[in-house]
Structures are given as structure tokens and as C-alpha cells.
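Okay, so here's the structure we're looking at.
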Amino acid sequence: QVQLVESGGGLVQAGGSLRLSCAASGRIGSINAMGWYRQIPGKQRELVATVTSGGFTNYADSVKGRFTISRDNAKNTLYLQMNNLKAGDTAVYYCNAVIRPLYSYDPRDYWGQGTQVTVSS
């Protein structure tokens, strides 16, 4: 089995920074794209940022210039550096990865359990 575990969430003042991590573990064959999504209270889940296995990134307009997504393929770990946080960034942040399990031909989506980020104004 494969699982994703997020960490690094917490409470921070507006203008501050947090760094989220997402560690993939289990019987992993290969990891394709990875990304961060968030669920803001009262809104639908939205894409925050993605990164391909080759390192190409994409960001939601609302976080461009403030957030940086990266990955360490040797550690099977995804990161989200969040700077200049705003109250509107308050949400549960979820890690997503497209992973082909070991001994499988078929990649599938995996999701972490989520980590709470709260930004006080």
C-alpha cells in the first residue's frame, strides 16, 4: 500500500511563513505529478500548485509570487513554502500525488489526510 502524510501546518500571523511537507511511503513504483490543494471554509476544494516529475511548476493566481512548490525525489517528499501569508490562505491543505505502485501497471491518485493552516489577521 501507498500513503501520503502531510505535516507543517499551524497557526501563523498574517505576513508570516510556513513550510508544509508531504512524505510518500509504501510500495512505490514511481511518482508522477504531485500537487497541493486546499479547502477554504465555505468554498470548494481548489488547486494551489503542482509540480511534474521533471520539476515544472504551476500555481494558482492567488498564490503566485508567495508560495513555492518543490519536491525531493530521492526522499519521495513534496514541499510547499508559503510566504507572506494572508488571512485568505486559511484552509486545510491536502497533498496529492499520481503514483504507480510497485508491481502495478496503473498509476492512480493518492491523497494525504490534510493539515490545517490558520492565518490570523
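Results, tabulated for the structure shown:
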item	result
Unit charges on C-beta of K, R, D, E only; dipole of the chain, Debye	60 debye
Semi-axes of the equivalent ellipsoid for the chain, Cα gyration tensor, largest first, Å	26, 14, 12
Computed over the stretch 52-121: relative contact order in percent, which uses C-alpha pairs under 8 Å that are six or more apart	26 percent
Euclidean distance between Cα centres, the stretch 5-69 to the stretch 105-121, Å	7 Å
Accessible carbon and sulfur surface of the chain relative to its total accessible area, %, 1.4 Å	48 percent
Projected label distance in nm at residue 40 and residue 13, using a 7 Å step from Cα toward the beta-carbon	2.3 nm
Total formal charge among the other residues, if their Cβ is under 9 angstrom from that of residue 39, Lys/Arg +1 and Asp/Glu -1	+2
Residues of the chain: accessible area per residue with a 1.4 Å probe, Å²	53 Å²
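The values are calculated or read from the model by the stated rules, or taken from the named source; none is laboratory data. Because the structure is a prediction, the values reported are computed rather than measured. Please note: Cβ atoms are built from the backbone with ideal geometry, for glycine as well, and neighbour counts cover all protein chains shown. Ligands, DNA and RNA are excluded from the accessible area calculation, which covers all protein heavy atoms including side chains. Shrake-Rupley method; radii C 1.70, N 1.55, O 1.52, S 1.80 Å.
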